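Below is one structure; the comments refer to it alone.
Please treat every number below as a calculation from the coordinates, not as lab data. For clarity, every value in this text was computed on a predicted model and none was experimentally measured. Glycine also receives a Cβ, built like all others from the backbone with ideal geometry; neighbour counts cover every protein chain displayed.
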Amino acid sequence: EAGVAQSPRYKIIEKRQSVAFWCNPISGHATLYWYQQILGQGPKLLIQFQNNGVVDDSQLPKDRFSAERLKGVDSTLKIQPAKLEDSAVYLCASSLAIAGGGNEQFFGPGTRLTVL
Amino acid sequence: GDSVTQMEGPVTLSEEAFLTINCTYTATGYPSLFWYVQYPGEGLQLLLKATKADDKGSNKGFEATYRKETTSFHLEKGSVQVSDSAVYFCAPSSYQKVTFGTGTKLQVIP
């Protein structure tokens, strides 16, 4: 079974530039998550999709971050314009879950973003 | 929402030592509890889980018991190996949302 795919793996940009990350979840997984992991911290949820609808985007800085999952499969996270404090690893995860608990999230390898 | 307090690291142990990493949580509902692990250069992966009170999750010699009365989910291993060196995250999950702790870095020396 193929895992969660993410690209690119690394990205270096200057502040005020824009950047986009792509994620393809495990086939059949209804729920997709984007996390931001700053060095030395735990992952922080940015946005959660259930199929192609947004379940939770309360911690997404909507003035600069946007995300979409148009066909309920793969997803794109965009930052425009980037700030120095956006330097982090951006993780995508997916799970089968529709309802209830105990459902494992499967993580991609992440995209390491450096903003200069 | 949920919150989690995890033992600060780094934790340095000799091989074959006993490991405990403390984790306590607060949750409005009845969460499932997870430990995730991040090995150097790798992505996050599930280590073990427990979905109801008094359940014990176990994997690769690690164990954690869901203690509802103390809202804790401490991770233990009887004899650590160098290959266990990694960052460990405690993570309660309610309504499909996972809240991660800050992580505890474990370094095991030969």
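General remarks:
- Cα centroid separation, region B:16-38 to region A:33-51 (Å): 18 Å
- Entry note, chain B: relative contact order of 38 percent, from Cα contacts under 8 Å with a spacing of 6+ residues.
- Once divided by 2.2 N^0.38 Å, the Cα radius of gyration of chain B becomes 1.01.
- Paramagnetic reach from B:Lys52 in region B:1-42 [backbone N under 20 Å; point 7 Å along Cα→Cβ]: B:27-35
- Fewest-first ranking of B:Phe89, A:Phe65, using other Cβ atoms within 10 Å as the exposure measure: A:Phe65, B:Phe89
- Label-point gap, in nm, between A:Ala5 and A:Trp22 - each point 7 angstrom along Cα→Cβ: 0.8 nm
- Dipole of region A:1-64, positive direction: furthest Cα of A:Trp22, A:Leu46, A:Ile12, with charges on the beta-carbon: A:Ile12
- Only Lys, Arg, Asp and Glu carry charge here, each on its Cβ (+1 for the first two, -1 for the last two); on that basis chain A has a dipole of about 380 debye about its Cα centre.
- Sorting B:Thr104, B:Thr26 from the fewest to the most surrounding beta carbons within 10 angstrom yields B:Thr26, B:Thr104.
- Normalising the average separation of contacting C-alpha pairs (under 8 angstrom, six or more residues apart) by the number of residues puts the relative contact order of region A:1-59 at 23 percent.
- Projecting the Cα atoms of A:Gln80, A:Phe106, A:Ala67 onto the charge dipole of chain A, computed from C-beta unit charges around the Cα centre, puts A:Gln80 farthest toward the positive end.
- Counting every other Cβ atom within 10 Å of each residue's Cβ, B:Leu33, A:Leu70, B:Leu106, A:Leu96 order from fewest to most as A:Leu70, A:Leu96, B:Leu106, B:Leu33.
- Chain A, relative contact order in percent, only Cα pairs under 8 angstrom and at least six apart counted: 37 percent
- FRET efficiency for A:Asp74 and B:Leu13, using Cβ-Cβ distance with R0 set to 45 Å, rounded to 0.05: 0.65
- For the pair B:Ser83 and A:Gln41, a Förster radius of 30 Å applied to the C-beta separation gives a FRET efficiency near 0.75, rounded to the nearest 0.05.
- Unit charges on C-beta of K, R, D, E only; dipole of the protein assembly as shown, Debye: 620 debye
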